[in-house]
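The values are calculated or read from the model by the stated rules, or taken from the named source; none is laboratory data. As the structure is a computational prediction, the values presented were derived from the model and not from experiment. We place every Cβ from the backbone using ideal geometry, glycine too, and count neighbours over all the protein chains shown.
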Amino acid sequence: MQVYLVGGAVRDALLGLPVKERDWVVVGGTREELLRLHYREVGRDFPVFLHPDTQEEYALARRERKVAPGYRGFSVEFGPEVTLEEDLARRDLTINAMAQAPDGALHDPYGGKRDIESRTLRHVSAAFVEDPVRVLRVARFAARLAPLGFKVAPDTLALMRSMVARHEVDSLVAERVWQESEKALREAAASAFFRVLRECGALARIFPEIDALFGVPQPAEWHPEIDTGLHTLMVLDQASLLSDDPRVRFAALVHDLGKGMTPPSEWPSHRGHEERSVALVEALAARLRIPNEYRELAVIVARYHGIVHRAFELKPKTILEFMERADAFRRPERFDQALLACEADSRGRAGLEAEPYPQRDYLLAARRAAALIKPSAEDVAESSGAEIAQQLHRGRLQAIAALRGKFEAAPRGW
């Protein structure tokens, strides 16, 4: 029985990145041997075991054979006769198909080290096309490794396009799509995930609402980049700089979905796109079973980003109504997240990436000032609920109005 360190731990060590977890493959071993050594079996579809001391995962070497469409259409063979090369051959990318022996020797039958040096994401073999999840994984690795200069190999991109053309990606289940997408949203270059999906044609199949934004014009006066799809990815880039919270990044990504539904006869104007965006966000969240915390924040940003941009033009009454509808007093953290996504929207325009966005500071200060207004014990004892609500409303309006002169208004641009 031989044990090798495999996959991400080997890749990240060669890249000089922190190794977060280690996975192992067991060659020449059996289930019975591992159980005898007190490993705990946890695998459902194939034998995976937890080490009795480290709790790291050890999997028996295995082969996979495609027997039906979709990403679950595989038969799995394992046993002591399966070689290390056969186990590595079933992996997606060459940079993930390397193994390290206990003495430190690198086993690299498919050129992973070469592709690390050339900064290339390349498939291991033609069997790549058998699993549609690999389209998502390549895009996710692009999001993770783009800051290091990695690009998808042209022949790998061609295989991904062929999988889209054969409708393989249509078999992806919602949970797996969202799982890979959420991981990508946590990466520094999250927008690369969506760029790669669009480049291979998968964006139109998986995220048609986002794909529909490309080619849709916006007023050049306010959007020098013009194209709504380009603007969307620029907004995601800015959100990634402003926050590492994937919820903020998702809200930034989908805030303008409604512009994809604007009739061409109305271009480049997009009146009413906010409510159209809300409907599309709700539909997208339902289809991919996106968690409520993502959906709720995205709906707030889609519906109110125009109000946030025009904060200095609004009356205190309008600002207070917006805060109440956004549940800013009970959910201050989410309110701040929404303002971050709106700032990303403002900065996600060609040539305006470094422009100040005082609207965020103004609205945060307004929320804090209004939240300080509370009924006194005497008011609670002597007034009705309706009277207390009116007093609270008046006090909050006065607190917001008092702030207006302390902030320099942003230049008009929306």
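A few comments on the model shown:
- Test for E182: is it in contact (Cβ under 8 Å) with a residue 24 or more places away in the chain, assigned to a helix (DSSP H, G or I) and surrounded by 18 or more Cβ atoms within 10 Å (Cβ to Cβ): yes
- Filtered by the rule that a residue be under 24 Å from A188 (Cα atoms), of a type outside the set (A, V, I, L, M), in a loop (DSSP other than H, G, I, E, B) and touching a Leu at 6+ places or on another chain (Cβ under 8 Å), the range 204-238 gives F207, F214.
- Criterion (surrounded by 15 or more Cβ atoms within 10 Å (Cβ to Cβ), among the aliphatic types (A, V, I, L, M) and under 30 Å from L233 (Cβ atoms)) met by exactly one of A344, A369, A354: A344
- Residue list for the range 202-224, filter: farther than 20 Å from Q179 by Cα and either outside the structural domain of M261 (by TED's automatic domain parsing) or among the acidic types (D, E) (or both): E221
- Some residue of the range 245-257 being within 17 Å of the chain's Cα centre (by Cα) and aromatic (F, W, Y): yes
- Residue in the range 214-231 that is of a type outside the set (G, A, S) and closer than 25 Å to N292 by Cβ present: no
- Lone unmet requirement of (1) under 20 Å from the mean Cα position of the chain (by Cα); (2) crowded, with 20+ Cβ neighbours inside 10 Å; (3) within 29 Å of S118 (Cα to Cα) for M163: (1)
- Selection within the range 15-45 - under 29 Å from the mean Cα position of the chain (by Cα), closer than 24 Å to G112 by Cβ and free of Cβ contacts under 8 Å to residues at least 40 places away in the same chain: G16, L17, P18, V19, K20, E21, R22, D23, W24
- Every pair of residues 6+ apart whose Cβ atoms lie under 6 Å, when the first sits in the range 125-136 and is touching a residue at least 40 places away in the same chain (Cβ under 8 Å) while the second is among the β-branched types (V, I, T): P132/V169; V135/V169
- Filter pass, L197 being modelled with pLDDT of 95 or more and either over 16 Å from the mean Cα position of the chain (by Cα) or not hydrophobic (A, V, I, L, M, F, W, C) (or both): no
- Identification of helices (runs of 4 or more DSSP H) wholly contained in the range 325-405 with 2 or more residues that are β-branched (V, I, T) yields 385-403.
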